Ligand code: ZN
C-alpha cells in the first residue's frame with residue numbers, strides 16, 4: 001500500500017492527485033491489474049473528472065454548495081453535516097484499470113481529492129493488485 005499526503009488551505013477544496021497516483025502505479029512494478037484510491041476520512045472524497053479547465057472544479061464545488069448548504073436543519077451536533085453529506089454523495093474511493101504500468105484514464109480525465117471541512121492535512125491510500 002502507498003500513501004499520498006494532501007494539504008488543503010480552504011474550507012472546501014478539490015486537489016488534482018492524478019500525477020501522484022500515476023507515479024505510484026509506474027513505480028509499483030505491477031504491469032496489469034487494478035488500482036484503488038481511497039481516503040479514510042468522513043469529510044473527504046475521491047472522484048474522476050475533467051482536469052484541463054480548472055473552472056470545472058469550481059463549478060462542482062459551487063453546485064455541491066447549492067445542493068447541500070452549510071447551514072440547514074441538520075441533526076449532527078458537530079456542525080459539519082454538509083461536509084459528511086457531500087462525502088457520502090461523491091464517495092471515498094475510485095478503482096482504476098492498470099494496463100502496461102499505466103492507469104487507463106480518458107484524455108480529459110483526472111483523479112481528484114476533495115475536502116469539504118478544511119483546511120486539513122489528509123492521507124490518501126493507494127493499493128494496486130495484479131501482476
Ligand atoms: Zn461531523
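Give me 28, 12, 5 ranked fewest to most by other Cβ atoms within 10 Å of their Cβ, as a rough exposure proxy.
Ordered by Cβ neighbours within 10 Å, fewest first: 5, 28, 12.
Would the chain count as rounded, prolate or oblate if I go by the C-alpha gyration tensor, calling it rounded below 1.5 in a/c and otherwise prolate when a/b exceeds b/c, oblate otherwise? Each step should come with its number before you reach the end.
Working: a/c = 2.44, a/b = 1.87, b/c = 1.31.
Because a/c hits 1.5 or more and a/b exceeds b/c, the chain counts as prolate.
Quick check on the exposure proxy: order 8, 107 from fewest to most C-beta atoms within 10 angstrom.
107, 8
Exposure proxy check: 24, 129, 111 ranked by fewest other beta carbons within 10 Å?
If I rank by nearby Cβ atoms, fewest first, I get 129, 24, 111.
Using a cut-off of under 13 Å, list every residue of region 92-108 whose amide N is near the label point 7 Å from the Cα of residue 26 along the Cα-to-beta-carbon line.
The answer is 101-103.
Output the 0 to 90 degree angle, nearest 10, between the alpha-carbon long axis of helix 18-28 and the longest principal axis computed from the alpha carbons of the chain.
Taking Cα atoms only, the helix is inclined about 40 degrees.
Can you give me the angle between helix 81-90 and the longest principal axis of the chain, using Cα atoms only, in degrees from 0 to 90, rounded to the nearest 10?
On a 0 to 90 degree scale, this one is about 30.
What angle, in degrees between 0 and 90 and rounded to the nearest 10, separates the Cα long axis of helix 55-67 from the longest principal axis of the Cα atoms of the chain?
40 degrees
Throughout, read-outs are computed from the coordinates displayed, never taken from laboratory work. None of the values given here were measured: they were computed from a predicted structure. Quick reminder, even Gly has a Cβ in these numbers, built from the backbone with ideal geometry, and neighbours come from all protein chains shown.
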